Amino acid sequence: MTTASAEPKGIARLQMEEEQLISESLLKRALRRLWHDRLTMTAIGVIAILAILSIGAPFISEQILNTDYSRVDMAATFLKPGEQGHILGTDDLGRDHLARLLWGGQVSLGIGFTAAILSITIGVSIGIFTGYYGGIVDDLIMWFITTINSIPSLFLLLIFAALFDPGPLGLILVLGFLGWTGTTRLVRGETFSLREREFVISARAAGATDLRIMFVHILPNLISIVVVTLAIDIGVLILVESGLSYLGLGVPPPTPSWGNMLTDSQSFINRAPHLVILPGLLITITVLCLYVIGDGIRDAFDPTIVD
Amino acid sequence: MLKYTVRRLIQGIPTFFGITVLSYMLMLAAPGNPIELLTFDPNISVEAREKLAIQAGLNDPWPLQYLTWLIGNDWRPVDMNANGVLEEGEYGVRQGILRGDFGRSFFYKRAAITVIGDRIPATLELGVAALITSLVLGIPIGVIAAIRRGGIFDNFSRVMAVVFNAVPSFWLGIMMILFFGSILGLLPMNGRCGTVLVGGCPPLYARLEYLIMPTFVLAAGGIAGYSRYMRTSMLETISRDYIRTAHAKGLPGRTVWFKHAARNAMIPIATFLGPALTGLWGGAVITERVFGWPGVGRLAVEAVTQRDYPVVMAIVILGAVSTIIGYIVSDILYALIDPRIRFS
């Protein structure tokens, strides 16, 4: 629906957009938009602070807090925040809560981040491959994905976790190898439409190999999908890890993770609510920020949104 | 219609076999000697062990073992008294999972299927309540958010949806217990009448207060998802020509929104039944643990930690089958409700 009065404005706008497109690459434009998106930048800032604190956990707990995540002190259990120099109090075994939160952050963020990268790598590779070749390979892989998706994923995770008693490393592998199906579907669909485009046809005519077309010509066009999925997947996997650890099947104690710190927390919910509130709050804030970042990046890359 | 249903059912068969093969592989990879798990006796004599192994079919090649697990062995001769000779009329006793025989639970010493059967009412109660809650809250929130697009309610519902997706469900449950159970003392903190108590459970309406918190925790993700989805679908419907026509012929706004737009916007929700079922199964595992709910989800965790493989396998297969059926039903439902889709 274009009315006569709106038309000149529309054309001017189109010309402006066209100039922008010529003068600015898609990536540059996306970065510029991100920079002006306050909500997303705040979320990135929060995640950065949490990441720095988690990476610095060994240093902070040894040098500043003078303690360790596993130092048990049965004479000082359930201290309230601030008592006897424990800034956030102590837990049921007298371990410093702040130190455990920092170390837990290292474990939870580390597992979420690494597992997400693993699952994205698998998902994108299979997605491009099956989307590009199609045919019987595609049918087989899609059947496999339907099969995996028909089993409630938590059941599969439970079984793997119980069978192989994984430590943090095993957990990364299990989460990574079970979480790729969504990415594959997304990437496969996108590759389907990309492989019919002119630039792919011309690359093929110029004699490019299939591998080169897939990874040099098609992959860069998937960058926004990959980055958005990565941000959201990290969040989802942190949630899954925390759930598994809460059930006692994730990160084994005494190594703290934000999830396993809550495993027995229900039994002292009245005595020390702060032990219950903080780990969950940190998970929520982290995942929330990651979702916001994912959304922000999606908008920044969206060519239909005019700034 | 019938043809379409049959075709969808046939399409489900390869998926089902994929699941059985996958879960059987997992069980084979499981650590621990099945005989020891069966008897809990490490000092069992070699002969007795051998006899048990023959009876359980553990010396067969694994494709045969898989077949036995799938369709049973009561149709073929098996050396059940383990004397090395196949006597006349000596057949196996297992019926296979296709006939509902998932073997005996190592832990409960009963048929795995009855162990699960005892737990199903509790999970069904919670799952149905959560599904209804998420639909009854999610759909109207989405419709109103779309009508008042950009308003306070729309922004509020958007923030709520993101937060509900970011909160770990077990922590949401613990926080509700802390607030409504511990601080306010309004709702019971956990527990529901057990499964095999003498006299059974009081009727549902007499113990609704136990259901409130678990239902909300299990429904939180659904409320968020449905409200977002409904908002998008509603916005798309509102931009259609027939809505403009309805407005133009002077119908009151409410009639247009709810009678013309919302009803059509709700059609795609039907496709959510399949994924919703997977979500409910998975969510039940955590929610039932938090609230001490005696359902299948908690049984799954217990069985996994006790290495009670027959029960684990039965839960996985039943969960998967219900999901497959959920997907098929939602496809058929979608085609039934939407007159634009034809069965051909």
key: Number of partner chain Cβ atoms within 10 Å, mean per residue of A:258-267   = 3
ask   = What residues have an amide H closer than 5 Å to that of A:Thr67, excluding those fewer than 5 places away on the same chain, when H is modeled at 1.01 Å from N in the peptide plane?
value = A:Glu62
inquiry  = Heavy atoms of the protein only, probe of 1.4 Å, neighbouring chains included. What is the accessible area of B:Lys259 in Å², nearest 10?
reply    = 130
request  = Quickly estimate the mean residue ellipticity at 222 nm for chain B, helices only: each DSSP H run with n ≥ 4 gives -39500 (n - 2.57), and the total goes over all residues, rounded to 500.
outcome  = -20500 deg cm²/dmol
note = Once amide hydrogens are built 1.01 Å from N within the peptide plane, the residues lying 5 or more places from B:Tyr91 or on another chain with amide H under 5 Å from its amide H are B:Val78
ask   = Once every DSSP H run of n ≥ 4 in chain A is given -39500 (n - 2.57) and the sum is divided by its residues, what mean residue ellipticity at 222 nm do you get, rounded to the nearest 500 deg cm²/dmol?
value = -21500 deg cm²/dmol
query = Where the accessible area of region B:113-337 is counted over protein heavy atoms with a 1.4 Å probe, how much of it, in %, is carbon and sulfur?
reply = 68
task = Select from region B:159-178 all residues whose loss of accessible area on going from the chain by itself to the full protein assembly reaches 10 Å² or more (probe 1.4 Å).
result = B:Val162, B:Val163, B:Asn165, B:Ala166, B:Val167, B:Pro168, B:Phe170, B:Trp171, B:Ile174, B:Met175, B:Ile177, B:Leu178
query = Mind checking which helices in chain A clear 18 Å along their axis (Cα) and have mean Kyte-Doolittle hydropathy of 1.6 or more, DSSP H runs only?
reply = A:38-55, A:223-246
request  = For chain B, calculate the relative contact order in percent as a whole number, restricting contacts to Cα pairs under 8 Å that are 6 or more residues apart.
outcome  = 21
key: Accessible solvent surface per residue of chain A, calculated while the other protein chains remain in place, 1.4 angstrom probe, Å²   = 49
key: At least 30 Å² accessible surface lost relative to isolated chain, residues of region A:217-242 (1.4 Å probe)   = A:Leu239
request  = At a Cα cut-off below 25 Å, give the lysines reachable from A:Lys80, other chains included and same-chain residues fewer than 8 away excluded.
outcome  = none
ask   = lysines near B:Lys259 by alpha-carbon distance under 26 Å, same-chain residues fewer than 8 away left out - which ones?
value = B:Lys249
ask   = If A:Met142, A:Met41 are ordered by their accessible area, calculated over protein heavy atoms with a 1.4 Å probe, which sequence runs from highest to lowest?
value = A:Met41, A:Met142
ask   = Given a 1.4 Å probe and no ligands, DNA or RNA in the count, how much accessible surface is buried by A and B, both sides, to the nearest 100 Å²?
value = 3700
Assigned charges on the beta-carbon of Lys, Arg, Asp, Glu; region B:200-344 dipole about Cα centre (debye) = 680
message = Taking amide H atoms as placed 1.01 Å from N in the peptide plane, list the residues 5 or more away in sequence, or in a different chain, whose amide H sits under 5 Å from that of B:Gly72.
response = B:Gly96, B:Ile97
ask   = Out of A:Phe144, A:Leu194, A:Ala116, whose Cα points farthest toward the positive end of the dipole of region A:95-194 (charges: +1 Lys, Arg; -1 Asp, Glu; placed on Cβ)?
value = A:Ala116
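What accessible area per residue, rounded to a whole number of Å², is obtained for region B:113-337 using a probe radius of 1.4 Å?
Heavy-atom accessible area per residue stands at 44 Å².
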query = Of all accessible surface on chain A at a 1.4 Å probe, what whole percent is carbon and sulfur?
reply = 66
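The values are calculated or read from the model by the stated rules, or taken from the named source; none is laboratory data. In this text, all values refer to a predicted model and were calculated from it rather than measured experimentally. Cβ atoms come from the backbone with ideal geometry, glycine included; neighbour counts cover every protein chain shown. Surface accessibility is based on the protein's heavy atoms, side chains included, excluding ligands, DNA and RNA. Shrake-Rupley method; radii C 1.70, N 1.55, O 1.52, S 1.80 Å.
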